[in-house]
Structures are given as structure tokens and as C-alpha cells.
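J.: Can you read through this structure? Questions will come right after.
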Amino acid sequence: MADRADDIIDEDFVDAGFACAELIAEPQQWINRRVETVEMLSQEETRRRVSVDFTLAPEQQAALSTRHGVVVPISVLSKRPRRNFDLRDEQDASLPTLGREDNGNLALIALLGAAGEVVPDGASDEPLDALTADFREIIFSDEGPAADALGAFVATGEAGDAVRAAVWKDPACRSLLRTFASDYVLFAALPPDGPNRRVLKYSYGDDLRFEPAWKRPQDKYAPRELWWRARHPGRTRFFIGCPGAWRAASFHMEIAIPEELRIAYADLGRVSADDAGGIELVGSPDHMVNRASLYAGEAIDPHDDVSTYVEVVAEREGGATRAALTALTVASLLWLGWVSGLDASQPGASVSLLLAGGAVVSGFAAASGRHIIVNKILRGRRHALTVVTLCALAASASLAMEIPDRTPLEVWLTAAITCSLAALRLGWSAIRAAR
């Protein structure tokens with residue numbers, strides 16, 4: 001297999017590719033610590049910053065030397081374009097990465113080298129050529145076609161192909177195949193004669209939907225989901241995938257949020273496939289913090305599906321309480337007006353309009369936020385306050401314009417009941433926020 005790699009790849013990559021196989025398949029053996037920081041920027045975008053602390057033996061550094069420098073597989077990234085990608089060293093100096101072709105060639109050599117250790121003796125050139133073609137398709141294809149190619153590879157082995165069966169059975173080869181099917185390897189090109197222990201940092205823009213990963217649109221209105229939202233008004237929850245959590249001996253996740261938010265709850269764990277809320281924790285959760293800091297307290301098995309579960313609340317300065325008091329005040333005035341009997345000939349109409357205008361100002365002030373994520377979380381509060389405002393305006397207008405008559409008691413009663421329901425919702429939200 002080594003000779004075959006020499007024929008298809010530049011010679012200076014062969015030793016480095018073979019040396020990469022173990023590093024990619026067993027990153028916990030040489031990566032000491034991985035720290036990820038997710039910073040929320042907008043409604044569906046985050047900035048993910050990753051720090052990788054690793055140690056290489058001198059012989060490993062020598063084996064990884066190429067014309068690009070010392071190529072180190074510090075991480076893997078999913079096979080999709082990255083926005084504003086940046087790789088830096090300890091002194092914050094920018095570092096180069098390998099291009100697509102060189103990156104794929106190193107991955108191919110690593111996989112060929114690992115497979116060469118397990119392919120049965122006496123395998124003909126034809127099966128080995130087909131094996132190399134399979135590896136190329138898995139490594140260089142996009143995620144969907146690569147997953148299909150891996151599925152076909154495994155199925156062929158299970159159908160009786162001895163070469164593919166032997167490759168898939170080997171833990172190192174299986175780990176490499178699973179990695180290359182969904183991800184590409186991030187190779188950092190380091191200058192030669194550097195220190196054995198390094199801390200490299202990379203960052204990129206990432207997409208994140210700040211809501212649970214519902215499998216179907218109707219799941220948003222499932223009884224369990226409605227019950228959670230009733231118990232936690234003013235909160236939003238979401239998951240942050242951590243596919244690289246297992247790729248270090250120690251993993252640490254931090255979540256940075258806008259100043260107007262706080263993290264009500266956050267944990268790190270394995271997500272159950274059949275229950276969006278079922279999580280097997282791998283560390284201690286955080287409660288009511290401005291910045292979540294989560295540590296994996298146990299070893300994470302290779303390719304484990306680990307995610308961060310986060311609940312965020314927009315409440316730091318009593319906004320929920322102000323909104324509830326606004327709604328309660330308007331509801332009380334509406335009830336008092338209905339009890340009094342109303343009379344358009346009295347100055348109460350003008351006073352009512354003035355109160356309605358105050359409700360509008362107070363309502364929008366209580367529900368405003370400077371950050372787009374804050375505004376998203378406050379959407380329910382704004383809707384409730386909009387109802388309060390409309391009730392106040394409808395009641396005031398009906399009295400001032402004598403619609404449907406000089407004493408529109410029915411309008412005021414309807415407005416009072418509707419406003420009271422909104423006040424109950426906002427009051428419950430304020431109570432939950434204070435806990």
C-alpha cells in the first residue's frame with residue numbers, strides 16, 4: 001500500500017500522511033485540551049472560537065515535515081463552506097492551512113496507510129485499486145455523496161468482500177472512514193523546529209437556530225412543547241452541536257451571550273435520539289450565569305454525539321415586572337370604567353385616551369431590546385403588551401366616539417377580560433423570571 005501511495009501522491013507527503021493516520025484516528029492521545037467558545041452574534045449566526053492544546057514527540061514532528069512545513073491535523077470541520085475562517089498561533093500570528101487538494105491527499109495517504117496494516121495478505125492489485133477509488137470518493141466528495149459511498153463500502157464488506165470487511169472491522173480504519181465521510185481535516189502548517197507543545201486557535205462564523213431541533217414543523221405545538229413553554233415563559237432553548245468534543249483528552253465549552261441576556265440553564269451531554277429534552281450529562285450544569293462554562297467531567301468516547309443544551313432568558317433589569325405592572329394597571333382601569341357605568345359627557349374619555357397613550361409608551365419600553373436575539377426572546381412579551389395596548393385603545397376610542405353608544409359597556413367588558421388574560425400571562429412570566 002505504501003508503494004501505491006508513492007505512485008499517486010507527491011513523495012514528500014507520504015511519510016507525513018502515514019504519520020497522520022494515528023493522530024487523526026486517536027486524537028485524545030496527543031491533544032491535551034480543547035476549548036470551544038460560542039459567541040452569539042445575531043438571530044441565526046454565531047462566532048465559534050476553538051483553542052487546541054497539543055503535544056507532539058520530536059519523531060512525530062519530523063515525520064510530519066513537508067514542503068509546507070510541519071503539517072498537524074489539529075481538528076476536523078464539516079464539509080461545508082466556512083465564513084471568515086481564521087487560524088492563529090500563541091502570539092496571535094496568522095497561520096496558513098493546506099489547500100483542498102493537499103488536504104485530501106494527506107487524508108488519503110493516512111487512510112491507505114492504516115488500511116495497509118489490515119488488508120489480507122495476497123490481495124490482488126484490482127481489489128486494492130478499487131479500495132483506493134472508494135477512499136478517494138469518501139474523502140473528496142461532499143458530505144451527502146461521501147456518506148452514500150461509505151454506506152456502499154460497508155455494505156460490500158458485509159456482503160462478503162474480505163478486503164473491505166477487514167478495513168471496516170479495524171477500529172483505526174473505521175474511525176478514519178467515519179471522520180472523512182462527514183468532515184475534512186484541518187491541517188495547520190507550522191514552521192519547522194518549533195516547540196513540541198503548542199496552543200493553536202481558529203475561529204469561523206457558524207449558523208445556529210435559536211430553537212429546539214424539531215423534526216417536524218408540528219412538533220412545535222406538541223403537548224410537551226406547549227407545557228414547557230407554559231412553565232418557562234420568556235425563555236428560549238436550543239442545542240449547540242459539539243462534534244469535536246471527543247477529539248481531546250479534556251473538553252471545555254463556553255457560551256458568551258449579549259449583555260441583555262442571561263443563561264438560565266446550560267449543560268453538556270449526550271442527546272437522546274428519541275427525546276429532544278433527554279440528555280445524559282457528561283459534566284455539571286450551569287444555572288443563572290452571564291457566561292456558561294461547562295467541562296466534560298468524564299471521558300468522551302470517539303464519535304460520541306455530544307451537544308450543549310442552553311436555556312436563555314431576557315431578564316436583567318425587571319423588564320418582565322414592568323410589563324406585568326403595565327398590563328395590570330390598564331386592566332384595572334378598564335374594570336373600573338366598566339363598573340362606573342361610563343358617560344361620554346364626562347372628561348373620562350380624554351383621560352382614557354391619555355392612559356391608552358401611556359400604555360403604548362410603557363408597553364414598548366418594557367419590551368424593547370437592543371440585540372436581535374433579545375428581541376426574538378421578548379417576542380411573546382411584546383405580543384401580550386400589544387394586546388394590552390389594543391384593548392386600551394379600543395375602549396378609549398369607543399367612549400370618545402360613542403361607539404356603539406354613549407355608554408359602550410360591552411366594549412369595555414370585552415377589553416377588560418382580554419387585558420386581564422394578557423396581564424395574567426405577563427404576571428406569570430415575571431414570577432418565573434424572579435425565581
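J.: With respect to Ala172, determine if the residue is farther than 21 Å from Val70 by Cα, free of Cβ contacts under 8 Å to residues at least 60 places away in the same chain and assigned by TED's automatic domain parsing to the domain that holds Ile138. Break it down into steps so the answer makes sense when it comes.
T.: Values: farther than 21 Å from Val70 by Cα: yes; free of Cβ contacts under 8 Å to residues at least 60 places away in the same chain: no; assigned by TED's automatic domain parsing to the domain that holds Ile138: yes.
Criteria not met by Ala172.
J.: Keeping to the stretch 159-189, report how many residues are among the small types (Gly, Ala, Ser) and out of contact with any helix residue (DSSP H, G or I) (no Cβ under 7 Å at 6 or more places or on another chain). Before you say what the answer is, go through the steps one by one.
T.: As a first pass, look at the stretch 159-189 and keep what is among the small types (Gly, Ala, Ser): 159-160, 162, 165-166, 172, 175, 181-182, 188-189.
Within this subset, residues satisfying the condition of being out of contact with any helix residue (DSSP H, G or I) (no Cβ under 7 Å at 6 or more places or on another chain) are 159-160, 162, 166, 188-189.
Total meeting the criteria: 6.
J.: Also, quick follow-up: Taking Glu36 as the residue in question, decide whether it is touching an Asp or Glu at 6+ places or on another chain (Cβ under 8 Å), acidic (Asp, Glu), under 15 Å from Tyr204 (Cβ atoms) and modelled with pLDDT of 90 or more. Show your work before the answer.
T.: On the way: touching an Asp or Glu at 6+ places or on another chain (Cβ under 8 Å): yes; acidic (Asp, Glu): yes; under 15 Å from Tyr204 (Cβ atoms): yes; modelled with pLDDT of 90 or more: yes.
Yes.
J.: List every residue pair whose Cβ atoms sit under 8 Å apart, with the two residues 6 or more apart in sequence or on different chains, where the first one lies in the stretch 221-239 and is at positive phi and the second, anywhere, is in a helix (DSSP H, G or I) and of a type outside the set (A, V, I, L, M, F, W, C).
T.: Gly234/Gly380; Gly234/Arg381; Gly234/Ser429; Gly234/Arg432
J.: Somewhere in the stretch 405-415, is a residue closer than 15 Å to Thr329 by Cβ, in a helix (DSSP H, G or I) and hydrophobic (A, V, I, L, M, F, W, C)? Reasoning before the result, please.
T.: Taking the stretch 405-415 first, the residues closer than 15 Å to Thr329 by Cβ are 415.
This time we only want the ones that are in a helix (DSSP H, G or I), so: 415.
Keeping just the survivors that are hydrophobic (A, V, I, L, M, F, W, C) gives 415.
Yes, the stretch 405-415 has at least one match.
J.: Of all the residues that make up the stretch 14-23, how many are at pLDDT below 90 and touching a strand residue (DSSP E or B) at 6+ places or on another chain (Cβ under 6 Å)?
T.: Start the filter on the stretch 14-23 by keeping residues that are at pLDDT below 90, which leaves 14-22.
Adding the requirement that they be touching a strand residue (DSSP E or B) at 6+ places or on another chain (Cβ under 6 Å) leaves 16, 20.
The number of residues fulfilling the criteria is 2.
J.: Specify the residue that is farthest from Glu26 (Cα to Cα); the eligible residues are those in the stretch 240-272 that are in contact with a Phe, Trp or Tyr (Cβ under 6 Å, 6 or more places away or on another chain) and in contact (Cβ under 8 Å) with a residue 60 or more places away in the chain. Break it down stepwise before answering.
T.: Our first condition is that a residue be in contact with a Phe, Trp or Tyr (Cβ under 6 Å, 6 or more places away or on another chain); within the stretch 240-272, this holds for 245, 252, 267.
Among the residues that remain, those that are also in contact (Cβ under 8 Å) with a residue 60 or more places away in the chain are: 245, 252.
On the way: Ala245: 13, His252: 19 Å.
Looking at the filtered set, the residue picked out is His252.
J.: Then there's this: Residues of the stretch 51-67 being in a loop (DSSP other than H, G, I, E, B), out of contact with any helix residue (DSSP H, G or I) (no Cβ under 7 Å at 6 or more places or on another chain) and either under 30 Å from Ala147 (Cβ atoms) or of a type outside the set (Gly, Ala, Ser) (or both), which ones? If you could, list the steps in order and put the result at the bottom.
T.: Going through the stretch 51-67, the residues in a loop (DSSP other than H, G, I, E, B) turn out to be 56-57, 64, 67.
From the residues that got through so far, the ones that are out of contact with any helix residue (DSSP H, G or I) (no Cβ under 7 Å at 6 or more places or on another chain) too are 56-57.
Answer for the stretch 51-67, where residues must be in a loop (DSSP other than H, G, I, E, B), out of contact with any helix residue (DSSP H, G or I) (no Cβ under 7 Å at 6 or more places or on another chain) and either under 30 Å from Ala147 (Cβ atoms) or of a type outside the set (Gly, Ala, Ser) (or both): just Leu56.
J.: Please go through the stretch 179-204 and give me each residue that is surrounded by fewer than 17 Cβ atoms within 10 Å (Cβ to Cβ) and either of a type outside the set (Gly, Ala, Ser) or part of a strand (DSSP E or B) (or both), ordered by number.
T.: Passing the criteria: Pro191, Pro192, Asp193, Pro195, Asn196, Arg197, Val199.
J.: Considering only the stretch 159-166, I want to know if a residue exists there that is closer than 30 Å to Asp134 by Cβ and charged (D, E, K, R).
T.: Pass one, the stretch 159-166, residues closer than 30 Å to Asp134 by Cβ: 159-166.
Narrowing the set further to residues that are charged (D, E, K, R) leaves 161, 164.
Checking the stretch 159-166: at least one residue is closer than 30 Å to Asp134 by Cβ and charged (D, E, K, R).
J.: What's the number of the condition Arg67 fails, among (1) at pLDDT below 90; (2) within 25 Å of the chain's Cα centre (by Cα)?
T.: Condition (2) is where Arg67 drops out.
The values are calculated or read from the model by the stated rules, or taken from the named source; none is laboratory data. Please read these numbers as outputs of a predicted model, since none were measured by experiment. So basically every Cβ, Gly included, is an ideal-geometry build from the backbone, and we count neighbours across all protein chains shown.
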